[in-house]
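For reference, the structure discussed in these notes is given below.
The values are calculated or read from the model by the stated rules, or taken from the named source; none is laboratory data. Just so it is clear, the model here is predicted, and its values are computed rather than measured. Neighbour counts run over all protein chains shown; Cβ positions are idealised from the backbone, glycine included.
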Amino acid sequence: MVEKSLTSRVETSLKNQFGVTISNASKRQVYEAMMRSVRDILMEKKFSYEQTLKQTRQKRAYYMSMEFLVGRTLRNNLFNLGIEKEAKEFLSENNFSLDEIYNMEPDPGLGNGGLGRLAACYLDALTSNAYPVTGFSILYEYGIFKQVITNGWQQEFPDQWLDLGKYGLVYRNDEEVEVRFG
């Protein structure tokens, strides 16, 4: 069970991470605090669920894919946790718009093809039907490259999605592996 409210978590995150209160926080600071707070709620639920699985000795499945096309997560997570209304009211009372915060989140650069869509659909279907499954993938530092045609020449630019996209992630740097080709 989640004990602390979202608003309490966001206020604590703003104080601990930035040394500000909601009344003098920037939009980016509020976004980061929201993402961290939602991630923390999800992690608490994950640990509680894992304890239940351990006690019932239920088997688990793991799905590995090169891509996951999950889309933006903040809106989806707030809705599924049943705390979207709380978030909207809290932000509105403090002169922020939940839609503006939603719009700050970049699309995760974790894939954009059929493989990524299929992987996301599999996980969605499995978890929606209460199967204990976890998905694993590669964390692409630059995501999908942006392509531009200038004077007839194609140019590629890295997608810097992690700048604003990292706050909902759980890093496992101790498990980092460099992959080389050739």
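Could you check region 47-74 and list, in sequence order, the residues that are among the basic types (Lys, Arg) and under 14 Å from the mean Cα position of the chain (by Cα)?
Arg72 - this is the single residue of region 47-74 that is among the basic types (Lys, Arg) and under 14 Å from the mean Cα position of the chain (by Cα).
Please name all residue pairs, on different chains or six or more residues apart, with Cβ atoms under 7 Å, provided the first residue is in region 17-31 and is more than 20 Å from Tyr102 (Cβ to Cβ) and the second residue is loosely packed, with under 15 Cβ neighbours inside 10 Å and at pLDDT 95 or above.
Thr21/Lys15
Mind listing whichever residues of region 124-150 are within 14 Å of Pro108 (Cβ to Cβ) and free of Cβ contacts under 8 Å to residues at least 12 places away in the same chain?
Correct list: empty.
Can you find, within region 52-91, the residue that is surrounded by the most Cβ atoms within 10 Å (Cβ to Cβ) among those that are among the small types (Gly, Ala, Ser) and under 27 Å from Leu6 (Cα atoms)?
Checked region 52-91; the qualifying residue surrounded by the most Cβ atoms within 10 Å (Cβ to Cβ) is Ala87.
Restricting the search to region 70-84, which residues are closer than 20 Å to Ser137 by Cβ, at pLDDT 90 or above and in contact with an Asp or Glu (Cβ under 7 Å, 6 or more places away or on another chain)?
Leu74
Filter region 91-117 for residues that are in a helix (DSSP H, G or I), over 14 Å from the mean Cα position of the chain (by Cα) and in contact (Cβ under 8 Å) with a residue 24 or more places away in the chain and give the result.
Leu91, Glu100, Leu115, Gly116, Arg117
May I ask you to list the residues in region 125-152 that are more than 15 Å from the chain's Cα centre (by Cα) and not in a loop (DSSP other than H, G, I, E, B)?
Ala125, Leu126, Thr127, Ser128, Val133, Lys146, Gln147, Val148, Ile149, Thr150
Out of Gln29, Gln51, report the one residue that is at negative phi, touching a helix residue (DSSP H, G or I) at 6+ places or on another chain (Cβ under 8 Å) and among the polar types (S, T, N, Q).
From the options Gln29, Gln51, the qualifying one is Gln29.
Please tell me if Thr12 is touching a Lys or Arg at 6+ places or on another chain (Cβ under 9 Å) and of a type in the set (Ser, Thr, Tyr).
yes
Taking Ala87 as the residue in question, decide whether it is farther than 26 Å from Glu141 by Cα, touching a residue at least 12 places away in the same chain (Cβ under 8 Å) and of a type in the set (Gly, Ala, Ser).
yes
For region 50-72, enumerate the residues that are more than 22 Å from Leu115 (Cα to Cα), not in a loop (DSSP other than H, G, I, E, B) and not aliphatic (A, V, I, L, M).
Passing the criteria: Glu50, Gln51, Thr52, Lys54, Gln55, Thr56.
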